[in-house]
Amino acid sequence: MCINRYKNIELTNELNKANCVTHSGKFHVDDVISTIFLSKIMDSIE
């Protein structure tokens, strides 16, 4: 899977810019799945 496929997803470290937030700590597959799901129903994810 190529990230370019999901062009409406942008990463940020600035909490005031973010409209979707995951937990801090170890990376989990549920973070990826939920972000992809949200990118399908929202115009943009930051």
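The values are calculated or read from the model by the stated rules, or taken from the named source; none is laboratory data. Everything numeric in this text was worked out from a predicted model, so none of it was measured. Heads up, the Cβs are rebuilt from the backbone with ideal geometry, glycines too, and the neighbour counts pull from every protein chain shown. Remember, those area values only see protein heavy atoms, side chains included, never the ligands or the DNA or RNA. Shrake-Rupley method; radii C 1.70, N 1.55, O 1.52, S 1.80 Å.
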Against the condition open to solvent by 80 Å² or more (accessible area, probe 1.4 Å) and either at pLDDT below 90 or aliphatic (A, V, I, L, M) (or both), how does D30 come out, does it pass? yes
Qualifying position, being under 8 Å from the mean Cα position of the chain (by Cα) and among the small types (G, A, S), among S44, S39, S24: S39
Within the set of pairs 6 or more residues apart or between chains, which connect a residue that is of a type outside the set (A, V, I, L, M, F, W, C) inside region 12-36 to a residue that is not in a loop (DSSP other than H, G, I, E, B) with Cβ atoms less than 6 Å apart? T22/D31
